[in-house]
Number of protein chains: 2
Amino acid sequence: VLNTQEHSPLKTGNYDRQVLFSNALFEVVQCTWAQGAAAPFHSHDSSDCYFMVEEGEFENTSYSGLETSVQKRTKNEVIHIPIYTPHEMKCLSPQGRTLHIYLPPITKTAAKDDSATEKRLFRTRTIAEIESMLPLVLGKTGISSLELQSVFAKIRQQSISVHSEYFMNQLFAGIVPEAVQAQELIASTKATMATFEASTIFTVCEIELIKAMGELIGWNAQDSEGISVPGGSAANFMSLHCARQRLFPDIKTEGNGNRSFKVFVSEHSHYSWKKACMALGLGTNSIVFVKTDQDGHLSAEDLKTKIIEVKNSGAIPLLVGATAGTTVYGAFDPLESLGQICKYENIWFHVDAAWGGPVLFSKTSRHLMKGVELADSLTFDAHKLLGTSLTCSFFLTRHRTILQESNDVTGADYLFHEEGEVKDRGRMSWQCGRQADVFSFWTLWKKYGSDGFGEFVDRQLALKDDFVSYIKTQERCHLVKDAEFLNVCVQIIPPNEKMDTDTWSKKVRDRLKEEDLAMVNYSTDENGLTFIRFILAHPHLKLSHLQEMIQWSLQMGTKESNLLN
Amino acid sequence: VLNTQEHSPLKTGNYDRQVLFSNALFEVVQCTWAQGAAAPFHSHDSSDCYFMVEEGEFENTSYSGLETSVQKRTKNEVIHIPIYTPHEMKCLSPQGRTLHIYLPPITKTAAKDDSATEKRLFRTRTIAEIESMLPLVLGKTGISSLELQSVFAKIRQQSISVHSEYFMNQLFAGIVPEAVQAQELIASTKATMATFEASTIFTVCEIELIKAMGELIGWNAQDSEGISVPGGSAANFMSLHCARQRLFPDIKTEGNGNRSFKVFVSEHSHYSWKKACMALGLGTNSIVFVKTDQDGHLSAEDLKTKIIEVKNSGAIPLLVGATAGTTVYGAFDPLESLGQICKYENIWFHVDAAWGGPVLFSKTSRHLMKGVELADSLTFDAHKLLGTSLTCSFFLTRHRTILQESNDVTGADYLFHEEGEVKDRGRMSWQCGRQADVFSFWTLWKKYGSDGFGEFVDRQLALKDDFVSYIKTQERCHLVKDAEFLNVCVQIIPPNEKMDTDTWSKKVRDRLKEEDLAMVNYSTDENGLTFIRFILAHPHLKLSHLQEMIQWSLQMGTKESNLLN
């Protein structure tokens, strides 16, 4: 049994529990504790819990968001344990009493719904299966609020468990409760970011955050600017848009014309460069793929060669896009030397730090992005490693005016009426209505501080080192690349020589998913060999989870296992 | 006193109220009622409330989301009154008892925070004022959870009140609680829409919603497709992208080249067309502005003339963009005749129905979009009139494969591994990570049904008729255009001939904002005269609110008023 986070404290805790009120929406529970009585590590996968100490002294360990805190709680102190948030508690005094409020009720959910006990990480499902389980078809008539609550509960139960430590399918994992609260606040104030008038406070949050990010990168405070964009792909898109505007301001009115632009990115760069070149009317053939070294870093030498080739051909070098933390291997391109080349050649230098950017907060790993201050612009996703809501992406630049130059148009006088000091930020975007994505990142920064982010990054990197050491002790595990960051790419060698080594890792990953053990992703190396990509993003991930996953993977196809046999 | 929604039931209700528990995070209150005792119309601007009838019989009127419901509640029945949601309740039985849970506590908020009583609709504020009121600057160290809760409460209190009936600044107003709940569920499951594997249920929600929208528009079920995009502007952008792809598939790899494309939209179309043409590398000069008739409808005659001119010039007609509900006047372009012209000329026909689209749900006003089924594609924003979270926008098309043709690229094998029946929807988008915006719309459709949406549209349109009739009785009010939809554009004639008629309406609107009376927007007509644009989107808006706003506006500058004198 692998995914045991959901349990009812009634069953495992050694304390008395009395339900004071219980109905369809909430429940009030009083617990009476003797000294040493404890509710061990658990979380509630369907209810928020608020609790208050009525009598006695308790120790509560909260695995909340990016940090774990142990705190003593005495009379009248209260704690909020959001949905999915693990905690432990123990009574320190001779006796204790606590009052808990659950929304929705935890007792009923566990009791009435059979499937609660078979909560899964993932289930390979067809659309037909999902449709039969949930009333997703839309029609003419509505349903009651209580019916809707019950549909919501079912959707939550049947959704992919990104809050599980065994979820490594994406470049994010885990739910940070403050991010959920921030999103709820955004939704219930419905701020839209086009004008200051309609979103005073969130506009200031965006200004503050952009300023803080500029300082973090190492740009001049007076020069830096930025804006939230709908995803890291959109930030890369914006870098090309701005670079083009800088070179040929008349493109804004006249279009690309017959110019042949070239964009230099590494073979391991994100596929969004292609999508951006398509949409911007440049065409995917405008991309020049620069070679990487054996560890996946963009080669400065090959870049120089390719720039010369492009210039000789009469095409226009538009932008060099480096990656800080590649999608598959987590490699950091050599920003300093690339930045110097771009400076010399006067080419826009963009850094796609969607995944690796958070190392900027870390004293010990910031060196991975040495030279970042040379960038003309940067992509940063806070929804990946830092755990904000999705999406929470930023385009940042050290050219104060370029965003407005690239995006502002006339014809919106009905909307933009700035008369005071504040520029309406819609002028810097190609969006009009724009969700206050910034607030999610602002909230986590406020809560944890930049130091807290740095400590979190360091903790994950230390875990990565431990995991890599462990991998090296395992005979049938092959580390595909040096793990610079939190991507650990591992080839599982099959237990039997007759099995196909090339495809074995993919088979293992598929089986881990089918068996509901873990959701990892896979990719293929230069030689066509598949491997598993472990992503160490979950804030509560421990070495033991990773060891477990490796052991399941190694057991497959052996006599000891009934999997892949 | 204008904005009186916030009040404490203790002060106005004639019942006994006992606080059973109260702490920093929640509060349990028990109320004892005599027959006929009532809590009149009120909402809580800072707390969610859950209540349960413990004894007796109550009548609860809930002004929830798009509908108002009156329901009897007896023992053990529970109701959730989300933040900002108005309700009234009355005890029907000789005596009654109710149990209420408030999150966060309502008593403390009202008591401890002085500014709670001076809740404002809007305050003209400088960044410095906001910074002094709220700790928005980000730094190295974090804060505690309780401190964060208190910052959140203050932000909520000081944010623009889009939930107020006097908020008409945008093409949306009011908070629909189910949309907030949907957003909370999206955030706490962190679904990302690129692959089916990572968002099984929300992918099916998107498929179902796109299907239902296609049927609503009147397209063939087998042909229609669509995808959520980050805002109506992005949907217009996508229409150009797809139209271009259809004409010249090689643009995807080769870029625009030296082609001269022309895009036909009306003078009153949204400014996002310009932004899209810039980004797509077409240039804003590719836009051909077609004349409108006196009521603001795109002229089919002028379109024909301009198409001929363009063709004669050797340029390529790329797309005709009609508007269903213009931003300022709410006018509906004549879709049927425009669609026929496009069919004849083989030009992509797009309908920007970001604002007016919901008339499709109404039996009585659907005729405004007669001919919509001729559209090749359509922009639909559910976050405007229908009240979902922002943004919740869709690009819809009757060309099943065009989205994938326009947006899919190679190089994302690490991500897209479809092996079953379901296409990964990231292939149809230029985004990678993509929030499950669809869920907000799906939720409201499920809750209210398409009939419920239709009834809501009809109710708002009936209110518009009443308001227009009222305007016509007011000597100093001039209706700028026939109000086809929920935009009512009114010129306020100054009370004194010496005052400048041209700018008076703007002065009035500014003063309404400064005095915290109402947040309306203004624009300028063909002759340079300013006018106020009332937007009737708020689901709880009544004629009396509108009459009040007109009376304040008319009083300005008169002896009876101290405003604008």
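The values are calculated or read from the model by the stated rules, or taken from the named source; none is laboratory data. Just so it is clear, the model here is predicted, and its values are computed rather than measured. Please note: Cβ atoms are built from the backbone with ideal geometry, for glycine as well, and neighbour counts cover all protein chains shown. What goes into the accessible areas is simple: the full protein's heavy atoms, side chains included, and nothing from ligands, DNA or RNA. Shrake-Rupley method; radii C 1.70, N 1.55, O 1.52, S 1.80 Å.
Quick notes on this structure:
- Inter-copy separations for A:ASN258, label at 7 Å along Cα-Cβ, nm, ascending: 0.2
- Probe 1.4 Å, all protein chains present, accessible-area order of B:LYS542, B:LYS363, B:LYS275, A:LYS274, largest first: B:LYS363, B:LYS542, A:LYS274, B:LYS275
- Area accessible to solvent at A:ILE493, 1.4 Å probe radius, in Å²: 60 Å²
- What the Cβ-Cβ distance of A:GLU267 and A:LYS75 gives, at R0 = 45 Å and to the nearest 0.05, is a FRET efficiency of 0.15.
- Nonpolar atom fraction for segment B:412-481, defined as the carbon and sulfur part of the 1.4 Å probe accessible area, stands at 43 percent.
- Taking every protein chain into account, the accessible area of segment A:365-482 amounts to 31 square angstrom per residue (probe 1.4 Å).
- Fully extended contour minus Cα-Cα distance, from A:ASN258 to A:LYS370, at 0.36 nm per residue: 36.6 nm
- Three-way shape call for segment A:371-469 based on the alpha-carbon gyration tensor, with the a/c threshold at 1.5: prolate
- Helix runs (DSSP H) in chain A reaching 27 Å along axis by Cα, Kyte-Doolittle at least 1.6: none
- Antiparallel content of DSSP bridges confined to chain A, in %, to 5: 75 percent
- The calculated 222 nm mean residue ellipticity attributable to helices in the protein assembly as shown amounts to -10000 deg cm²/dmol, summing -39500 (n - 2.57) over DSSP H runs of n ≥ 4 and dividing by all residues.
- Residues listed by number, segment A:262-294, amide nitrogen under 17 Å from A:ASP525 label point at 7 Å toward C-beta: A:268, A:292-294
- Set of segment B:71-109 residues, backbone N closer than 15 Å to the point 7 Å along the Cα-Cβ line of B:ASP16: B:95-99
- Fraction of the pair-distance distribution of the protein assembly as shown above 46 Å, Cα-Cα pairs, percent: 32 percent
- Length available on full extension from B:GLN555 to B:LYS363: 0.36 nm per residue minus the Cα-Cα distance, which gives 65.2 nm.
- With Cα atoms defining each centre, segment A:435-514 and segment A:362-403 are spaced 21 Å apart in the structure.
- Accessible-area ranking of B:THR503, B:THR85, largest first, probe 1.4 Å: B:THR503, B:THR85
- Shortest-first distances to equivalent copies, position B:THR503, nm, label 7 Å out along Cβ: 7.7
- Take each residue of peptide A:73-81, count the partner chain Cβ atoms within 10 Å of its Cβ, and average: the result is 3.
- For B:ASP482 and B:LYS343, a Förster radius of 30 Å and the Cβ-Cβ distance give a FRET efficiency of 0.60, rounded to the nearest 0.05.
- Sparse packing (at most 16 other Cβ atoms within 10 Å of the Cβ) combined with a DSSP loop state is found for none of the trypsin sites (Lys or Arg not before Pro) in segment B:500-541.
- Mean separation of Cα contacts under 8 Å, 6 or more apart, over the residue count of segment A:486-526: relative contact order %: 26 percent
- Accessible surface buried by the B/A pair amounts to about 13000 Å², both sides summed, 1.4 Å probe.
- Taking a Cβ cut-off of under 11 Å around A:ASN346, the surrounding Lys, Arg, Asp and Glu residues balance to a net charge of 0, with basic ones at +1 and acidic ones at -1.
- Shown here: segment B:165-302, whose C-alpha atoms stretch 47, 47, 30 Å along the first, second and third principal axes, sorted largest to smallest.
- For segment A:308-363, the list of GluC sites (Glu not before Pro) that fall in a loop by DSSP and count at most 14 other C-beta atoms within 10 angstrom is empty.
- Remark: mean inter-chain Cβ contacts per residue of A:15-25 equal 3, using a 10 Å Cβ-Cβ cutoff to other protein chain atoms.
- Three-way shape call for segment B:474-565 based on the alpha-carbon gyration tensor, with the a/c threshold at 1.5: oblate
- At a probe radius of 1.4 angstrom, the accessible area of segment A:116-233 per residue rounds to 29 square angstrom.
- Distance between modelled label sites at A:GLU59 and A:SER144, nm, 7 Å Cα→Cβ extension: 4.7 nm
- Per-residue SASA entry for B:LEU240, accessible area with 1.4 Å probe, Å² rounded to 10: 0 Å²
- Extension gain for B:ASN496 to B:ASP293 (0.36 nm times residue separation, less C-alpha to C-alpha distance): 69.8 nm.
- Inter-copy label distances for A:THR558: 9.0 nm (label point placed 7 Å from Cα along Cα→Cβ; shortest first).
- Sum of side-chain charges, B:ILE143 neighbourhood, beta-carbon under 9 Å (Lys, Arg +1; Asp, Glu -1): +1
- Computed over segment A:410-541: relative contact order in percent, which uses C-alpha pairs under 8 Å that are six or more apart: 18 percent
- Within 10 Å of each Cβ in A:194-201, the average number of Cβ atoms from other chains: 6
- Global size of segment B:231-274 as Cα Rg and Dmax, reported in angstrom: 11.7, 34
- Each Cα pair under 8 Å and six or more residues apart adds its sequence gap; the mean of these over the residue count of chain A is a relative contact order of 14 percent.
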